[in-house]
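Below is one structure; the comments refer to it alone.
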Amino acid sequence: MTEPQQSALNSNTPVPKKRRTRFLAIREDIPRNLYIALGAGFILLLLVTWQLATGAGLIRPLFLPPPASIVAEGLRQVQEGILWADASASIYRILMGWGFATLFAVPIGILMGNFKFFEGMFEPFIDIVRYMPVVALIPLTILWAGIGDFQKFLILFIGTFFQQVLMVMDNVKSVPISLIKVGQTLGLSRFEILKSIVLPAAMPNIWDTFRITMGWTWTYLVVAELVAANNGLGRRIMDAQRYLATDTIIFGILFIGFLGLVTDYIFKFSGKVLFKWNQGQ
Amino acid sequence: MTTSKIRIENVSQVYEKNGAPFVVLDNFNLDIAQNEFVTVVGTSGCGKSTLLNIVGGLVEPTTGQVFIDGSRISGPGRDRGFVFQSYSLFEWLTVSDNILFALKKTAMGDGEKRELVQHYIESVGLVGFEKAYPKELSGGMRQRVAIARALVYKPAVLLMDEPFGALDSQTRGMMQELLLKVWGEHKTTVLFITHDVDEAIFLSDRVIVMSSRPGRLKQEKRIVIPRPRNYEVMTDSLFIESKKELIGAIREETLKTMGTRS
């Protein structure tokens, strides 16, 4: 989109015709600032529409309170210390649920991606489980794990692991076979090849899997805190349903969305720092 | 029987394809002497890469055997260095560390290893790029790292599978000269695969033409152009004469594949 440098052209050079706006050219880059402005602008547009619709009394506050009430609700939760207590309880559950899922998904995914033996053994089972609705598993998890935090970890684990392990398997499979052959010709054992070649080669993609699956763990938070929880961001939302506290519900949802966004950026940023070699020129 | 450096004996490779046997290599025999540079050329799909993979121990032949220094191979090993066509560098390691990786199994002090790596970096002309990552390098430079990595642990033989196949023709010419220079410095036995006849003649002591599938040894041509060679030999009458003969042989095979495929 940059204009040609007129000074660099001599008088005989034909001046290129001004091209039509290229904002919508297929797969072409647009200016970075515009790119950011579009994302921010769209959210702003939604907020303005929301404000206008609620301010004009088109929608009753019971169904959708104005943005100002949501902000007020947020401030109240901060002042009363509820927000911090809820958030830390939920973040702890997310980290445990996701952490355990990851702890199992990475080694099992690596085995499945490299040995047909393990792929053949585990994949049919995983494919069955990952289509099971996690909500429907709540009664069983309570029966097995009680009503403490462990039951929440279990729900988050089930919601995360079975997707994650297949993604790690695919990440590992995308490592070029020639790298493995190099390891073989250098006389490395199978374990050494997995540890020193396959894992580091697949790590940037696995990191991206971490980012995506943690987003999914967040989406299971409300499910995990649906039953027998007395704190947590999801619990707060479920409680608010009883009192028709729409502002609490909406604030809770937005706050979970915000934490998800922060998590996402942490992974993206740390990925860039950790895998500098992957950036090329 | 004199011991050859590489001895390929009655090697056949047969796959099962839709219930019918599919012969890739048919009773292939080849002896390569110590420090000889031998290139195998052939049409695509003639089994030349399969042959190299068998010598490398990455593929087990259906019948036949391969000997290195008179002992029969079973699987890949550090007596055979391998250079692949592409995507074979460890992108998370710098140029030095890529080469150093090959010394993992070598009993040698760290300082000594570093010295050796530096020596090979100089040999392939990558001084100043020791700390660069593969993604920052051009295709030609990447293959130079791959060559250094395959030579640094001093394998008995070097196997090269179309190592310059993905490079543009100018870079390829430079790489061929570089390879001859490096080979001159660290004399070793080379088995090289390509479909480029010029490349084969320029590099080799002997060029083997493979028949189209099933792969058999069709023709053998000793290249008597004196060494050291540089790009000027490509207009030499000996070069032209060899090229004529080899191109004729390959053309016959190409026509066969086109006949059977249409």
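Which one of A:173, A:181 is within 12 Å of chain B (Cβ to nearest Cβ) and among the charged types (D, E, K, R)?
Numbers: A:173 fails: within 12 Å of chain B (Cβ to nearest Cβ).
Exactly one of A:173, A:181 is within 12 Å of chain B (Cβ to nearest Cβ) and among the charged types (D, E, K, R), namely A:181.
The residues in the stretch B:153-163 that are over 13 Å from the mean Cα position of the chain (by Cα) and farther than 13 Å from residue B:81 by Cα can be counted, and the count is 0. Might you check whether a residue that is surrounded by fewer than 18 Cβ atoms within 10 Å (Cβ to Cβ) and at pLDDT below 90 occurs anywhere in the stretch B:44-54? Within the stretch B:44-54, one or more residues are surrounded by fewer than 18 Cβ atoms within 10 Å (Cβ to Cβ) and at pLDDT below 90.
On the basis of being within 14 Å of chain B (Cβ to nearest Cβ) and either surrounded by fewer than 22 Cβ atoms within 10 Å (Cβ to Cβ) or within 14 Å of residue A:101 (Cα to Cα) (or both), does residue A:156 make the cut? Outline the logic, then answer.
Values: within 14 Å of chain B (Cβ to nearest Cβ): no; either surrounded by fewer than 22 Cβ atoms within 10 Å (Cβ to Cβ) or within 14 Å of residue A:101 (Cα to Cα) (or both): yes.
So residue A:156 does not fit the description; no.
Scanning the stretch B:162-192 for residues that are surrounded by fewer than 24 Cβ atoms within 10 Å (Cβ to Cβ) and either touching a Ser or Thr at 6+ places or on another chain (Cβ under 7 Å) or of a type in the set (Gly, Ala, Ser) (or both) gives B:162, B:165, B:166, B:169, B:173, B:182, B:184, B:185.
Every condition in (1) of a type outside the set (D, E, K, R); (2) over 13 Å from residue B:40 (Cα atoms); (3) within 21 Å of the chain's Cα centre (by Cα) is met by residue B:257 except one, and the failing one is (3).
Would you call residue B:188 in contact (Cβ under 8 Å) with a residue 40 or more places away in the chain, under 29 Å from residue B:67 (Cβ atoms) and in contact with a Pro (Cβ under 8 Å, 6 or more places away or on another chain)?
Numbers: in contact (Cβ under 8 Å) with a residue 40 or more places away in the chain: yes; under 29 Å from residue B:67 (Cβ atoms): yes; in contact with a Pro (Cβ under 8 Å, 6 or more places away or on another chain): yes.
Against the criterion (in contact (Cβ under 8 Å) with a residue 40 or more places away in the chain, under 29 Å from residue B:67 (Cβ atoms) and in contact with a Pro (Cβ under 8 Å, 6 or more places away or on another chain)), residue B:188 qualifies.
Within the stretch A:184-200, restricting attention to residues that are surrounded by 19 or more Cβ atoms within 10 Å (Cβ to Cβ) and modelled with pLDDT of 95 or more, the residue that is nearest to the other protein chains (Cβ to nearest Cβ) is A:197. Name the one entry in B:150, B:166, B:132 that is within 13 Å of another protein chain (Cβ to nearest Cβ), farther than 14 Å from residue B:88 by Cα, outside any strand (DSSP E or B) and in contact (Cβ under 8 Å) with a residue 12 or more places away in the chain. Result: B:132 is the single residue among B:150, B:166, B:132 that is within 13 Å of another protein chain (Cβ to nearest Cβ), farther than 14 Å from residue B:88 by Cα, outside any strand (DSSP E or B) and in contact (Cβ under 8 Å) with a residue 12 or more places away in the chain.
On the basis of being among the aliphatic types (A, V, I, L, M) and assigned to a helix (DSSP H, G or I), does residue A:188 make the cut?
Working: among the aliphatic types (A, V, I, L, M): yes; assigned to a helix (DSSP H, G or I): no.
Taking the combined requirement at face value, the residue does not satisfy it.
In this structure, residue A:168 does not qualify as under 30 Å from residue B:82 (Cα atoms), within 12 Å of chain B (Cβ to nearest Cβ), among the β-branched types (Val, Ile, Thr) and assigned to a helix (DSSP H, G or I). Among the residues in the stretch B:91-112, are any within 22 Å of the chain's Cα centre (by Cα), within 13 Å of another protein chain (Cβ to nearest Cβ), part of a loop (DSSP other than H, G, I, E, B) and surrounded by 21 or more Cβ atoms within 10 Å (Cβ to Cβ)? Looking for residues that are within 22 Å of the chain's Cα centre (by Cα), within 13 Å of another protein chain (Cβ to nearest Cβ), part of a loop (DSSP other than H, G, I, E, B) and surrounded by 21 or more Cβ atoms within 10 Å (Cβ to Cβ), one finds at least one in the stretch B:91-112, hence yes.
Out of the residues in the stretch A:230-252 that are hydrophobic (A, V, I, L, M, F, W, C) and buried (at least 24 other Cβ atoms within 10 Å of the Cβ), state the one that is nearest to the chain's Cα centre (by Cα). Break it down into steps so the answer makes sense when it comes.
Residues of the stretch A:230-252 that are hydrophobic (A, V, I, L, M, F, W, C), as a first pass: A:233, A:237-238, A:240, A:244-245, A:249-251.
From what's left, buried (at least 24 other Cβ atoms within 10 Å of the Cβ): A:233, A:251.
Values: A:233: 17, A:251: 19 Å.
Going through the qualifying residues, I end up with A:233.
Every listed requirement among (1) at positive phi; (2) in contact with a Gly (Cβ under 7 Å, 6 or more places away or on another chain); (3) not charged (D, E, K, R) is met by residue A:222 save one, (1).
Mind listing just one residue for me: the one in the stretch B:117-129 that is of a type in the set (Val, Ile, Thr) and assigned to a loop (DSSP other than H, G, I, E, B) and, of those, surrounded by the most Cβ atoms within 10 Å (Cβ to Cβ)?
Step one: list which residues in the stretch B:117-129 are of a type in the set (Val, Ile, Thr), which gives B:117, B:121, B:124, B:127.
Then drop every residue that is not assigned to a loop (DSSP other than H, G, I, E, B), which leaves B:124, B:127.
Numbers: B:124: 24, B:127: 10.
This residue is B:124.
The values are calculated or read from the model by the stated rules, or taken from the named source; none is laboratory data. Note that the structure is predicted; figures quoted are calculated from it, not measured. Backbone-built Cβ (ideal geometry, glycine too); neighbour counts: all protein chains shown.
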